[in-house]
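Trainee: Can you keep this structure in mind? I'll have questions shortly.
The values are calculated or read from the model by the stated rules, or taken from the named source; none is laboratory data. Keep in mind the model is a prediction, meaning the values are calculated, not measured. Cβ coordinates were reconstructed from backbone atoms using ideal geometry, including for glycine residues, and neighbour counts include every protein chain displayed.
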Amino acid sequence: MKKLKAFWLRRSIATRLTALTALMLALVCALWTWFSMQRANDHIMQQRYSYLEYIQQILLDKLELHVPDSDHLPLPDSESYWKLRFDYARWTSSNSSTPFILQYAVGDEIVSLTSPLTIIQTVSAHDAPVYHNVIIDLGGFSEADICSLQQCAQTVTPEWSGNSPYWTVYGTVKGLEEDEFSKITYLVANRIVSCVDEQTWHAQTPVEETTSQRLFFQNIFADNNAMEQYFDALHFLQYRQREDRTQAGLDALQTRDFSSTVSGNGYSTLFLAYTSDYTNEISLYFRYIPFLMALVYILVLFLFYQGVRWAVVYPLYDTTHQAQHVAHLEFDAFHPDTARGDEIGDLNRALADMAGDLHQRWDSERDLEDRRQQFVAAASHDLKTPLALIGGYAEAIAQDISPEENARYLAAIEQETGRMNSLVREMLDYTRLDRTDELKHRTAIDLSALLRSLLDEYAPLFEHRRLTVHLADGIRIRGDETLLRRAFGCLLENAAKYSPDDGRVTVTLRRGGGPLFTVENDCDPIPENELPRLFEMFYRSDKARNRAGGHGLGLAITQKILALHGLICRAENTETGVCFSVSVR
């Protein structure tokens, strides 16, 4: 079972769906064939019984034509008997596949009139004004004789090749009918002689030989199978009219496919059988249908297979190809079909969303990696100088120098070590803030009081600057007071540090109608392309990239702190300097 399941799952979707559809179609075709066969069988049986009813009505009408009532039933070998038989002989000459037995009683005698078995011979005469047909009744001959005659008619010896072999039929004329156009002679045969080998056949019930007729060889039946069908049906009818018949015996005799019926008119009983070939009859209904059905079946499966490939497989191939672009991070080549409204469209849209998130994360990771590299490079640059100085001072101290120089070098080493400690602390603070998504502990802070406290703390920085302060009262914010003091203190410190002596510094805290907080100072303008980068790690403008300046982490840390409080800081040039503004996101 596992191997079968593995084999099944290794097939393509189109193949599996087509296989399932083929099974369902086969089931539908089987059911349709079964129902069609049932309907065809019912129709065939209905046609058979309709035909039997038609034939029995003809036969009974002919009987009533010759026998108006039960008092005039013909005795065997009577004139009326032969008239009735002559009438039946004309009819059976074209209906030899429908044997019948007419049974009636005349006094104490039971008469059984079996359907005449006839051969028609056309007598040609150049001077005859009418067509002359001779109906030869072979009813008096046994079944074996009939079979022998059928076999003789089918065999022609080589010496008769090209000639017309004939039989000479001896018997008596029992009926004659003629008009201005045709003439029919009814001849009951008593003896038949073959011209080929003088073989002779005699009737079981002799009749007087008053005339003879040359009869050219012709089949009594169309073929041997038709002859066998006729006699099988006749045997069945003969057994059916017996009083000691049984259903088992009837079933045993009904070896052929024929339908039978029994009817009568009150003084006679008609046993009628219609022999037929059910296979040929059913083939009339389904002669071309199996081939047409097989063709339509294959065509439907082929179209279904191609339809599944176009509707499902090919779009999935395209989706797989697009997914490979995402797997290889080829986002520029990723163009899925998101306009489809089906499940594949849902898959493409989900893939597009995933690709968008992945692209964003990839860009973020690349930016983060670039920032890491910049961080390492900047940190290495800022640490390299003090380390080099410390190494140089230590090497000088190791030499024999004066106490004054030794003290000066130790002080320098202590100064550079402090700078390195400050840089490391700022780097750790930035890393900690970079990994923090939100503040865990928030309290209500009076921002107005916090800024006044900071201005008092940094008052020495503004001694030689013209400081203007506009602080609205009662502005409160939820956050971490320590972090906010550090962020706003950095902005105030930078404004004081980078403004010249006697330069103007303006600090504003307002309630609505613009930025929440602004600090503006007089200084040389910063190039416009450098303004957005002021908040990056270790970034310092060219004029500030000197050892007297900071480490380039102050504004980056400030931006991180403000972001945690739902604020954002921007820098812009003014007519006289630079303005840093803090706004609510």
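Trainee: Only one of E177, E198, E159 is assigned to a strand (DSSP E or B) and of a type in the set (D, E); which?
Mentor: Result of the check over E177, E198, E159: E177.
Trainee: Just to be sure before I move on: is F221 in contact with a helix residue (DSSP H, G or I) (Cβ under 9 Å, 6 or more places away or on another chain), surrounded by 15 or more Cβ atoms within 10 Å (Cβ to Cβ) and farther than 21 Å from I101 by Cβ in the structure I sent?
Mentor: When the stated conditions are applied, F221 does not pass them.
Trainee: Restricting the first residue to the range 436-462 and requiring it to be among the charged types (D, E, K, R), which pairs with a second residue that is exposed (fewer than 15 other Cβ atoms within 10 Å of the Cβ) meet a Cβ separation below 6 Å and a spacing of at least six or different chains?
Mentor: Matching pairs, first to second residue: R442/R478; D446/R476.
Trainee: If you scan the range 244-277, which residues turn out to be among the hydroxyl-bearing types (S, T, Y) and assigned to a strand (DSSP E or B)?
Mentor: Listed by number, the residues that qualify are S259, S260, T261, S263, S268, T269, Y274, T275.
Trainee: If H464 passes every condition in (1) out of contact with any strand residue (DSSP E or B) (no Cβ under 9 Å at 6 or more places or on another chain); (2) modelled with pLDDT of 85 or more; (3) within 27 Å of V376 (Cα to Cα) but one, which one does it miss?
Mentor: Condition (3) is where H464 drops out.
Trainee: Look at the range 48-90 and say how many of its residues are of a type outside the set (A, V, I, L, M), under 14 Å from T114 (Cβ atoms) and touching a helix residue (DSSP H, G or I) at 6+ places or on another chain (Cβ under 8 Å).
Mentor: Here the count works out to 1.
Trainee: Also, quick follow-up: What residue, of S124, S115, is surrounded by fewer than 16 Cβ atoms within 10 Å (Cβ to Cβ), at pLDDT below 90 and not acidic (D, E)?
Mentor: Numbers: S115 fails: surrounded by fewer than 16 Cβ atoms within 10 Å (Cβ to Cβ).
Only one candidate passes the filter, namely S124.
Trainee: For the range 326-343, give me the residue count where each residue is touching an Asp or Glu at 6+ places or on another chain (Cβ under 8 Å) and part of a helix (DSSP H, G or I).
Mentor: 0
Trainee: Taking the range 212-243, which residues are touching a residue at least 40 places away in the same chain (Cβ under 8 Å) and either in a helix (DSSP H, G or I) or small (G, A, S) (or both)?
Mentor: S212, N224, A226, M227, Q229, Y230, F231, D232, A233, L234, L237, Q238
Trainee: Would you be able to say whether some residue in the range 244-253 is in contact (Cβ under 8 Å) with a residue 12 or more places away in the chain, of a type outside the set (F, W, Y) and either surrounded by 17 or more Cβ atoms within 10 Å (Cβ to Cβ) or under 16 Å from S115 (Cβ atoms) (or both)? Talk me through it step by step, then tell me what you get.
Mentor: Of the range 244-253, the ones in contact (Cβ under 8 Å) with a residue 12 or more places away in the chain are 250, 253.
Okay, now just the ones that are also of a type outside the set (F, W, Y), so 250, 253.
Narrowing the set further to residues that are either surrounded by 17 or more Cβ atoms within 10 Å (Cβ to Cβ) or under 16 Å from S115 (Cβ atoms) (or both) leaves 253.
Yes, there is a match, as at least one residue in the range 244-253 is in contact (Cβ under 8 Å) with a residue 12 or more places away in the chain, of a type outside the set (F, W, Y) and either surrounded by 17 or more Cβ atoms within 10 Å (Cβ to Cβ) or under 16 Å from S115 (Cβ atoms) (or both).
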